[in-house]
Amino acid sequence: MNFRSQLILFAISFPTAALFVLAFGMPWWFLLLPIGFLVFHLVMGAIYIQRNFFIVSQNVLNTSEKKICLTFDDGIHPDLTPKVLDILSKFQIPAVFFIIGKNIAGNESILERMVHEGHEVGNHSHDHSFWFDLKSSAAMGEEMRCANQKIETIIGRPCTIFRPPYGVTNPNLAKAIQQSGMRSIGWSLRSMDTVAKDAGSLLQKLKSETKPGAIVLLHDRCQITTEVLTDYIEHCLSEGYTFVSLTE
């Protein structure tokens, strides 16, 4: 159920609840049921991009074959992103990097390397601020345009994919994405590498949750990610998986 259908349901259920309260003597808190139901779905739709509540995102690959896509958020990190690229280069596998626009300055050569080595580059906003989701659609759109301008200046072609900061969506962001002409990209396997403390536990989580068609969320700013990436790739290859980009 998406945002529009949820509003339609509320428009029907709330007057119905009011009718029961006024005409049949139901307690006043009966009115809270449709309100609570709406709020619950608004919150869940905002924080779980896979629900496609406010905007449709690509959260899995369109395949049942043993193919997966590695995606890395929050770069460019001057020290750790090259380590990730080294590992990917060793195995000759593609990945997708969702770049924060403000991180490009001083790291242009790393971005050039990504493209030269066959990786896709996406937009992850310009600032990735905590308050991004409270901005107007115009302000969000401006951030996205600013990041795209910096990305496209280096890669020499349009940037067509966007991953919402924190994976949070809302009506303003849906409007901004639609106006930008970019595709929204989510994920099906969230590694939680930003909070992971133990490399062994992180690796086990990745191994156990990998499925055909998975889009894997990782972060190239995390040291622990570089520690497990080689073992994870080797495991996937041994299980018969191939690594692909979003456009394959």
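What follows draws every value from the coordinates through simple rules; no lab data is involved. All figures in this text were calculated on a predicted structure; none of them were measured in a lab. Reconstructed Cβ throughout: ideal geometry from the backbone, glycine too, with neighbour counts over all protein chains shown.
In a DSSP loop and with at most 16 other Cβ atoms within 10 Å, the chymotrypsin sites (Phe, Trp or Tyr not before Pro) in segment 1-55 are 48.
GNM on the chain, C-alpha springs below 10 Å: top fluctuator among 196, 18, 95? Maximum fluctuation in the GNM of the chain, among the listed residues, is at 18.
Each Lys and Arg Cβ is given +1 and each Asp and Glu Cβ -1; about its Cα centre, segment 7-121 then shows a dipole of about 380 debye. Taking 0.36 nm per residue of separation and subtracting the Cα-Cα distance, full extension of the segment from residue 112 to residue 11 would add 31.3 nm.
Shape class for segment 3-47: oblate, because the ratio a/c of the largest to smallest gyration tensor axis (alpha-carbon atoms, square roots of eigenvalues) is 1.5 or more and b/c is at least a/b. Given R0 = 22 Å, the distance between the Cβ atoms of residue 166 and residue 66 translates into a calculated FRET efficiency of 0.15. The separation of segment 1-79 from segment 180-248, counted between C-alpha centres, amounts to 26 Å. Distance between the 7 Å Cα→Cβ label points at residue 92 and residue 204: 3.5 nm.
Once R0 is set to 45 Å, what does the formula 1/(1 + (r/R0)^6) return for the Cβ-Cβ distance between residue 29 and residue 134, expressed as a FRET efficiency to the nearest 0.05? Numbers along the way, then the final one.
Working: r = 30 Å, r/R0 = 0.67.
In this case the efficiency is close to 0.90.
Who wins for biggest fluctuation among 86, 74, 127 in a Gaussian network model of the chain, springs between alpha carbons below 10 Å? Among 86, 74, 127, the largest GNM mean-square fluctuation belongs to 86. Seen against the Cα atoms of the chain and their longest principal axis, helix 3-24 is set at about 20 degrees. Under a model in which nothing but the beta-carbon of Lys, Arg (+1) and Asp, Glu (-1) is charged, segment 207-248 shows a dipole of about 120 debye around its Cα centre.
Where both bridge residues fall in the chain, DSSP classifies roughly 5% of the beta bridges as antiparallel. Over the chain, the alpha carbon radius of gyration divided by the compact-protein estimate 2.2 N^0.38 Å works out to 1.16.
Listed by chain and number, the lysines whose alpha-carbon sits under 24 Å from that of residue 90, ignoring those within fewer than 8 places in the same chain, are 66, 67, 205, 207, 211. Label reach from residue 245 (point 7 Å along Cα→C-beta): in segment 45-74, amide nitrogens under 14 Å belong to 69-72. For segment 195-248, calculate the relative contact order in percent as a whole number, restricting contacts to Cα pairs under 8 Å that are 6 or more residues apart. Relative CO of segment 195-248 lands at 41 percent.
Grab the DSSP H runs of the chain that are 4 residues or longer, score each as -39,500 (n - 2.57), total them, divide by all residues and round the 222 nm result to the nearest 500 deg cm²/dmol.
-15000 deg cm²/dmol
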